[in-house]
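Scroll down for the structure; my scribbles are underneath it.
Each reported figure results from applying straightforward, stated rules to the coordinates on display, with no laboratory input. All of these numbers come straight from a predicted model, not from anything done at the bench. Virtual Cβ from ideal backbone geometry, glycine too; neighbours counted across all protein chains shown.
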Protein chains: 2
Amino acid sequence: MPNPNPAVDSQAPSSGRPSLLRAAARLEDALGNLSRTLQARDRGRAARYDLSVSQFHALLVLGKGGPTPVTGLADHLHLEKSTASRLAKGLLARGLVRKRSPASDDRVVILQATEQGLRLSRRILNDLSEEYTDLLSSIDPTMREVLPQALECLSEGLGLISSPERPEPES
Amino acid sequence: MPNPNPAVDSQAPSSGRPSLLRAAARLEDALGNLSRTLQARDRGRAARYDLSVSQFHALLVLGKGGPTPVTGLADHLHLEKSTASRLAKGLLARGLVRKRSPASDDRVVILQATEQGLRLSRRILNDLSEEYTDLLSSIDPTMREVLPQALECLSEGLGLISSPERPEPES
DNA sequence: GAAATTAGTTGTATATACCAACGGTTGTAT
DNA sequence: ATACAACCGTTGGTATATACAACTAATTTC
């Protein structure tokens, strides 16, 4: 495939838009850091509610999104359906979700948060909301305004750039 | 629009606290999404270079940060030292890092990227830079400006900024 | 020089996650 | 209608990830 890279002509480093390259480097650094930080945080938070990390995420998805088939959950969490299936099994065992099938199609398994699951989900969301309110209060007001939007924008951008594998000769 | 300090108790409920709560909710949603998205991306990217996810991160840390003791790596990646130790073992087996001990203290194991490790690290950084340049090019120019800053701000706010002593190159 | 401290490794258990194979269900074509 | 294909979810197998605890070796403290 061609690699035109039209928007970037980094010929002139001192003028034009070297800022784009610099910004990319900062972005790389910040995202690497953020990725590890978020994982560590997720581990700690999930443990607080006696959930595994993926159970934690799945419960929030189900709590916020309503009944979802197993495949839908997998897509949402960027997981294989097999992983999502086991995930559901764990939540089921804890009584946090319920399974049912639509009358129209017996293959499908719809996952739905139980009352207990919804309560837990709401409690978690509440705690998180508090946490993030504190965070927002502590940062620069300008950032406070744009941060959520920036993250949404980022997620969107990341979702679009799903580069395929590119094999290369090992040296 | 600038949001004046809502310390004055006014009847207007749409400014001040409610907006903070709204922003917190958006932040929670975006971060949950981002956390899972980043993990999925990391998996794919690491696989591209025939590395595990944590090896991928560790190599970048060592490449950017220079020689680091095992404990330092663990702190940096928010991992247990035992995990970092095994991580190092994997990288060592692939010839990407080298171990040595400072003469002053034989307990310490300093991890240092080998030539091969450095080459790979640089290659990865190069690819990532390209990727992020594309991403930045594709988003709203305003966001492009603030996104890196927003992420750094966020990391700081998350309180887990583990900045290594990274000798910043020329400015 | 003995005791406490520290750095790293290893043992053990659990979680994560893929791929592949399978079983039951639904849809389609002959 | 019957065979076949496609689809959804589950299970088996495997590899990695990660924590906690126990251990070894080296250093520091007293």
Please work out the Cα center distance from region B:126-156 to region B:69-109, rounded to the nearest Å. 31 Å
Label 7 Å beyond Cα on the Cβ vector: B:Glu130 copy-to-copy distances, nm: 4.8
When the charge dipole of region B:60-125 is computed with +1 on Lys and Arg Cβ and -1 on Asp and Glu Cβ about the Cα centre, the Cα farthest towards its positive end, among B:Gln116, B:Gly90, B:Gly72, belongs to B:Gln116
Prolate/oblate/rounded label for region A:20-171 (Cα gyration tensor, a/c 1.5): oblate
Expressed as a whole number, the average count of other chain Cβ atoms within 10 Å around the Cβ atoms of A:37-49 is 4
Inter-copy distances for B:Gln112, nm, shortest first, label points 7 Å along Cα→Cβ, are 6.3
For B:Arg26, inter-copy label-point distances (7 Å, Cα→Cβ), nm, shortest first, read 2.1
Any idea how far apart B:Ala93 and A:Arg86 come out in nm if each label point goes 7 Å out from Cα toward Cβ? 2.1 nm
